[in-house]
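The values are calculated or read from the model by the stated rules, or taken from the named source; none is laboratory data. These numbers come from a predicted model, not from an experiment. Cβ placement follows ideal geometry from the backbone for every residue including glycine, while neighbour counts extend to all protein chains displayed.
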Amino acid sequence: MPLNEAFLGRVFPPSAPYQVGREKIREFASAIGDANPAFHDVEAARALGYPDVIAPPTFAVVLALKASTAAVKDPELGLDYSRVVHGEQTFAYSRPIVAGDELVVTVTIDSLRTIAGNDMVNARGDITTVDGEHVATTTSLLVARALEPSE
């Protein structure tokens, strides 16, 4: 089934607010092996001018993935999620994510295309505080691999 072109440019409602926790930031930083003191120690982050620990740049994927799942798994889109591989991920920040932030993500489908039988969806996640301050924008390219001739 081809991708539904009606999804191109579709903006999904903001996600439920996500309260960024200090321990979640520390756990994420440890999981990716980043010992930057600003990700672990409140005083180190404060010395840099932040009110609490800051998140590693890739932490935004935690929020973006959760918010975009409903969009890309919508059966009307026509994306075979069982065949999806993550093609690319980018992050653009206005400021770091800080423990205590309450954030929402608004997902937009920026592009849909099929190349050599591979369906590709580019989704953008605009991350803001619940008060509307822009924090970051993520983009992700998802690729649903083409079926093999014998499948």
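For the stretch 84-111, which residues satisfy the criterion of being among the hydrophobic types (A, V, I, L, M, F, W, C) and assigned to a strand (DSSP E or B)? Matches in the stretch 84-111: V84, V85, F91, A92, V98, L103, V104, V105, V107, I109.
When E76 is tested against (1) farther than 15 Å from V11 by Cβ; (2) touching a helix residue (DSSP H, G or I) at 6+ places or on another chain (Cβ under 8 Å); (3) assigned to a strand (DSSP E or B); (4) not aliphatic (A, V, I, L, M), just one condition goes unmet, and that condition is (3).
Per-residue answers, yes or no, for (1) small (G, A, S); (2) in contact (Cβ under 8 Å) with a residue 60 or more places away in the chain; (3) over 13 Å from T138 (Cβ atoms):
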| residue | (1), (2), (3) |
| --- | --- |
| P57 | no, no, no |
| A60 | yes, yes, no |
| D80 | no, yes, yes |
| I115 | no, no, yes |
| M120 | no, no, yes |
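Restricting T139, T114 to residues that are β-branched (V, I, T) and either modelled with pLDDT of 95 or more or not in a strand (DSSP E or B) (or both) narrows the list to T139.
Among the residues of the stretch 1-33, what is the count of those that are farther than 23 Å from R124 by Cβ, assigned to a loop (DSSP other than H, G, I, E, B) and touching a residue at least 60 places away in the same chain (Cβ under 8 Å)? Matching residues across the stretch 1-33 total 2. When Q89 is tested against (1) surrounded by 16 or more Cβ atoms within 10 Å (Cβ to Cβ); (2) more than 18 Å from R26 (Cα to Cα), only condition (1) is not met.
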